[in-house]
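Data first, discussion second: the structure below is written as structure tokens.
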Amino acid sequence: MTGSYATAVTAIALMLAVWTLVLVAMNRSPGLSLLAAGGVLEALLVGFLIGGILQMVGSDHHFARAEFVGYLLACLAIPPMAVVWAWEEKSRSGTLVIALAFLLTPVMVLRVQQVWAGPLV
């Protein structure tokens, strides 16, 4: 579960995080542009989930499959939860919540890759 798609998701999430942190520094509240950014990241994560499950099903690789699927689902849950939270908090803090979700996404993608790699023996 490594490769260019995971790298692209990570790079886009980090770029969105930097942009969102600039909005935090400018004291901006969450707007439709952040909602759209969260949607773009969510669409990429849906592809990551589908690709991960298809790769898992087609493999005899030994690793923690339930943990793998759990992390894939957690990756998918983070942006929508952050957007809902931020939409209710119409202040700079709401924008920061979205920035933190964007920063958390690469960490979760890395964890998915670590679980896919399996235990170090």
Practice task
Of the numbered conditions (1) within 19 Å of the chain's Cα centre (by Cα); (2) within 17 Å of Ala99 (Cβ to Cβ); (3) surrounded by fewer than 19 Cβ atoms within 10 Å (Cβ to Cβ), Leu16 fails exactly one; give the number of that condition.
Solution key: (3)
Practice task
Pull up the range 19-59, narrow it to residues that are outside any helix (DSSP H, G or I) and under 17 Å from Ala99 (Cβ atoms), then point me to the one that is modelled with the highest pLDDT.
Solution key: Met26
Exercise for the section: Kindly provide the set of residues from the range 19-36 that are without any contact (Cβ under 8 Å) to a residue 40 or more places away in the chain and either surrounded by 17 or more Cβ atoms within 10 Å (Cβ to Cβ) or of a type in the set (S, T, N, Q) (or both), ordered by number. Expected result: Ser33
Practice task
State all residues of the range 79-88 that are surrounded by fewer than 21 Cβ atoms within 10 Å (Cβ to Cβ) and touching a residue at least 24 places away in the same chain (Cβ under 8 Å); if no residue qualifies, say none.
Solution key: Pro80, Trp87
Practice task
Could you tell me whether any residue of the range 95-113 is over 17 Å from Gly3 (Cβ atoms) and not in a helix (DSSP H, G or I)?
Solution key: no
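The values are calculated or read from the model by the stated rules, or taken from the named source; none is laboratory data. Remember, predicted model here, so these are calculated numbers, not experimental data. Positions of Cβ are backbone-derived with ideal geometry, glycine not excepted, and every protein chain shown enters the neighbour counts.
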